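Some notes on the structure that comes next.
The values are calculated or read from the model by the stated rules, or taken from the named source; none is laboratory data. As the structure is a computational prediction, the values presented were derived from the model and not from experiment. Cβ sites come from the backbone with ideal geometry, for glycine too, and all protein chains shown count toward neighbours. Accessible surface areas use protein heavy atoms only, side chains included; no ligands, DNA or RNA. Shrake-Rupley method; radii C 1.70, N 1.55, O 1.52, S 1.80 Å.
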Amino acid sequence: VFEKRADVVVATSPQFFAAVGGWLLSLFHRAPFVFELGDLWPASIVAVGAMRQSPIISLIEKLELFLYRRSAAVVALTNSFKENLILRNIAGSKIAVIKNGVDLPKYSPRARDRKLERDWGVEGKFTIGYVGTHGMAHNLNNVLDAASKLREIPKINFVFVGAGAERAQLAKEIDYRVLENVKLISNQPKHLMPSVWSVCDVALVHLRKSKVFEGVIPSKIFEAMAMGIPILLASPEGEASNIIVNERVGLHVIAEDPEALANSVKRLYFEKNLYERLATQCPIVAKKYSREFQSYHMIKALELVVNGRGNEVANIDFTESLRVE
């Protein structure tokens, strides 16, 4: 409020009420408002069972649509999000799709961090790494089911790095089942993520079975890709699986099928040629999803909004070559 008048106000969701605050601030500054859509909220919290459909949810949905309509432009992280908004009568011409990306100078293939390997007890192991939130959207009990099926291969280990609402329950379940091939590691600072990824042979990305998650593209996909780590995605078929399969950077299995998940881990472990092909392809494809590319098109969208042409952001030429000094 006390900053000088802005040319444009951008707010992101989640968290949804940050977007509300951004819109109010845009009124105060008499500046155009851009809604960066990172998640369909409140649909996503209903999908994970955190809340049920109710009059309160209906009211929030009305507020959500109000913000989309009042925005000068919407920047959506996936094509599915844009399609959802168009079906709800938001003009497609003012919705740009700018997918997530990775900071390539920070994330690139590197030698394993031997100290972390020793500290975590995964030296000489084929490590499946789940890095991120242990939440209701991820149904990580399914991973424990898969790990249980892989006990007979002592070289294969799972490492869960992070925190979240389901972490305590997962810890109890690991102890109860005596899953010695699963290790829980506490949340790590962001600057250590390249080292964390370096001890992983496979990046596990896991989402629960819900139509809402068909349009989600977890950003950790791009970090792992840039590190040259093949991705094992367990999710509904959708935008994320299309990237993994079409770009040939990993394997995809349908969400909540522990047998399929375990079998895919075995493929990555035993089929060395397959693993090497995927690992080689990953950093090549990651260049298409760089933060530089992402920021370039975000700037283009904001320039259009500032010039009163927010209804043209959908027409940005994404094939235009990126020139970074």
(1) under 28 Å from VAL97 (Cα atoms); (2) without any contact (Cβ under 8 Å) to a residue 40 or more places away in the chain: which one isn't true of SER210, the others all being true?
(2)
Can you run down the residue pairs with Cβ atoms below 8 Å, 6 or more apart or on separate chains, where the first is in segment 260-286 and aromatic (Phe, Trp, Tyr) and the partner is in a helix (DSSP H, G or I) and open to solvent by less than 10 Å² (accessible area, probe 1.4 Å)?
TYR275/LEU268
Would you mention how many residues in segment 104-126 are surrounded by fewer than 21 Cβ atoms within 10 Å (Cβ to Cβ), within 22 Å of ASN187 (Cβ to Cβ) and in contact (Cβ under 8 Å) with a residue 12 or more places away in the chain?
9
Looking only at residues in segment 214-226 that are among the aliphatic types (A, V, I, L, M) and open to solvent by less than 10 Å² (accessible area, probe 1.4 Å), which one is nearest to ALA76 (Cα to Cα)?
ILE221
Can you find a residue that is in contact with a Leu (Cβ under 8 Å, 6 or more places away or on another chain), at pLDDT below 90 and among the small types (Gly, Ala, Ser) anywhere in segment 45-68?
no
Any chance you could count how many residues in segment 275-303 are surrounded by 14 or more Cβ atoms within 10 Å (Cβ to Cβ) and more than 21 Å from ARG110 (Cβ to Cβ)?
10
Kindly evaluate VAL313 against the criterion of being open to solvent by less than 30 Å² (accessible area, probe 1.4 Å) and within 17 Å of the chain's Cα centre (by Cα).
no
Taking the residues in segment 280-304 that are within 10 Å of MET225 (Cβ to Cβ) and of a type in the set (A, V, I, L, M) as candidates, determine which candidate is nearest to the chain's Cα centre (by Cα).
ALA286
Of the residues in segment 127-158 that are open to solvent by 20 Å² or more (accessible area, probe 1.4 Å) and assigned to a helix (DSSP H, G or I), the one that is modelled with the lowest pLDDT is ASN141
Pairs, first in contact (Cβ under 8 Å) with a residue 40 or more places away in the chain and farther than 23 Å from VAL159 by Cβ in segment 226-249, second in a loop (DSSP other than H, G, I, E, B) and aliphatic (A, V, I, L, M), C-beta under 9 Å, six or more apart:
GLY238/VAL216; GLY238/ILE217; GLU239/VAL216; GLU239/ILE217
Taking segment 159-168 and keeping residues open to solvent by less than 40 Å² (accessible area, probe 1.4 Å) and out of contact with any strand residue (DSSP E or B) (no Cβ under 9 Å at 6 or more places or on another chain) leaves GLY164
Taking first residues from segment 63-92 that are more than 16 Å from PRO14 (Cβ to Cβ) and second residues anywhere that are among the hydrophobic types (A, V, I, L, M, F, W, C) and assigned to a helix (DSSP H, G or I), the pairs with Cβ under 7 Å that are 6 or more apart or on different chains are ARG70/TRP23; ALA72/VAL305; ALA73/ALA301; ALA73/VAL305; ALA73/VAL313; ARG88/LEU65; GLY92/ILE86; GLY92/ALA314
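Here is a yes/no grid of residues against (1) under 24 Å from LEU40 (Cα atoms); (2) at pLDDT 95 or above; (3) open to solvent by less than 30 Å² (accessible area, probe 1.4 Å):
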residue: ILE229; (1), (2), (3): no, yes, yes
residue: PRO236; (1), (2), (3): yes, no, yes
residue: ALA240; (1), (2), (3): yes, no, yes
residue: GLU256; (1), (2), (3): yes, no, no
residue: LEU261; (1), (2), (3): no, yes, yes
Checked segment 202-213 for anything surrounded by fewer than 21 Cβ atoms within 10 Å (Cβ to Cβ) and either closer than 22 Å to ARG277 by Cα or basic (Lys, Arg) (or both); matches are LYS209, LYS211
If I ask for residues that are over 24 Å from LEU116 (Cβ atoms) and touching a helix residue (DSSP H, G or I) at 6+ places or on another chain (Cβ under 7 Å), which ones from segment 138-176 would you list?
ASN141, ASN142, ASP145, SER148, LYS149, GLU173
Would you say VAL306 is of a type in the set (Val, Ile, Thr), farther than 28 Å from MET193 by Cβ and surrounded by 14 or more Cβ atoms within 10 Å (Cβ to Cβ)?
yes
